[in-house]
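Structure first, commentary second.
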Amino acid sequence: SQPGAAHLHMFFGNSFINAYSGQDPNVNDVLNKGGSTCNGDELNRSGYWVPAMIDGKTGDVRLPMKILVYYKQYSGSVGDGVVYPDKMRMVIDKDTLHAAHLPTGDQLAFMCNNEWNGARSNFSEYPIPNCVGNGAAMGQGISTLEVNVLLQQCWNGQDPTNYKANLKLTSYPCKYDATHTKQLPNLQYKIIYPIFGGENTQGWFLSSDVDPMTYNLKGPSGETNHGDWWSGWNKQVNQEWVDNCNKDRKSVV
């Protein structure tokens, strides 16, 4: 990213990341600098960010209640897996998803949910669904809008900072791919926004949905949904959970 050239983002994880981070390709700032808003502190200095969610009725940025991050084994890939190399970065967006000829599923999708009773809608790519708040009365739980992001899991072993050329999203284990055979942990994160009583998500949109020239929406709300990630995992810890969790059994870190 460049200062003043990007839309507003919501950042999680590494507290050092900003528009200037990583402009020197010879320095891996994320691995060695910053704290973390996630569990593990310096053991995982990875950064996660998504476009900010805007309430179109008030013009305010909506604050998420939490982010859940999963590093899973890919189905059918027992015994496979490599640790994240230094400086690895990933960006997943609609174009990358569609280029992989994958169904929407939960790759880049929105869902209405309830934190208590599990009532939920199906995942949908866009527009952002109209989720209705229930007031979180006793025994009801809080209504939420869940934004789901699933990143690329196959790598060809080349420059880990060039995600467009060297990372791939597939619907099958990477060992069956002709070029991208190295299986990364299946990285998925969910950003969960609360919806309070009397509220709904009608009119909500992402900061990236806005045309910077006209300040109007460029298309359906949520169409520009995307997720970014920059590895800051401690190498030893990363190796331990890949060896003892991902390679041996279907576990979540």
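The values are calculated or read from the model by the stated rules, or taken from the named source; none is laboratory data. Remember, predicted model here, so these are calculated numbers, not experimental data. Positions of Cβ are backbone-derived with ideal geometry, glycine not excepted, and every protein chain shown enters the neighbour counts. All accessible areas refer to the heavy atoms of the entire protein, side chains included, with ligands and DNA or RNA removed. Shrake-Rupley method; radii C 1.70, N 1.55, O 1.52, S 1.80 Å.
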*Which residues, taken from the range 191-213, are out of contact with any Leu (no Cβ under 8 Å at 6 or more places or on another chain), in contact (Cβ under 8 Å) with a residue 24 or more places away in the chain and open to solvent by 10 Å² or more (accessible area, probe 1.4 Å)?*
P194, F196, G197, G198, E199, N200, Q202, G203, P212
_So in the range 179-224, with the set limited to residues that are touching a Lys or Arg at 6+ places or on another chain (Cβ under 8 Å) and of a type in the set (F, W, Y), which one is nearest to W155 (Cα to Cα)?_
Y193
*Counting only residues that are open to solvent by less than 70 Å² (accessible area, probe 1.4 Å), modelled with pLDDT under 90, closer than 30 Å to N113 by Cβ and hydroxyl-bearing (S, T, Y), how many does the range 148-178 have?*
1
*Please work out which one of (1) modelled with pLDDT of 90 or more; (2) surrounded by 19 or more Cβ atoms within 10 Å (Cβ to Cβ) is the condition V242 fails and give its number.*
(1)
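One line per residue, one yes/no per condition, for (1) of a type in the set (V, I, T); (2) part of a loop (DSSP other than H, G, I, E, B); (3) over 30 Å from D41 (Cα atoms); (4) within 15 Å of the chain's Cα centre (by Cα):
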site	(1), (2), (3), (4)
K175	no, no, yes, no
Q188	no, no, no, yes
G197	no, yes, yes, no
P212	no, yes, yes, no
S221	no, yes, yes, no
*Restricting attention to the range 73-80, does a residue exist that is at pLDDT 80 or above and among the hydroxyl-bearing types (S, T, Y)?*
no
*Consider only pairs whose beta carbons are under 6 Å apart and that are at least six residues apart or on different chains; among these, list those whose first residue lies in the range 164-184 and is over 17 Å from W229 (Cβ atoms) and whose second residue is open to solvent by 20 Å² or more (accessible area, probe 1.4 Å) and assigned to a helix (DSSP H, G or I).*
T181/K175
_Residue that is modelled with the highest pLDDT, among those in the range 179-200 that are within 14 Å of L68 (Cα to Cα) and among the hydroxyl-bearing types (S, T, Y)_ = Y193
_Against the condition surrounded by fewer than 16 Cβ atoms within 10 Å (Cβ to Cβ), touching a Ser or Thr at 6+ places or on another chain (Cβ under 8 Å) and closer than 28 Å to D80 by Cα, how does K218 come out, does it pass?_
no
*asked:* Just to be sure I understand the filter: pairs with C-beta atoms under 8 Å, separated by 6 or more residues or on different chains, first member in the range 241-253 and on the phi < 0 side of the Ramachandran plot and in a loop (DSSP other than H, G, I, E, B), second member modelled with pLDDT under 75 and open to solvent by 50 Å² or more (accessible area, probe 1.4 Å). Which pairs pass?
replied: K247/V78; D248/V78; R249/V78; K250/S75; K250/V78
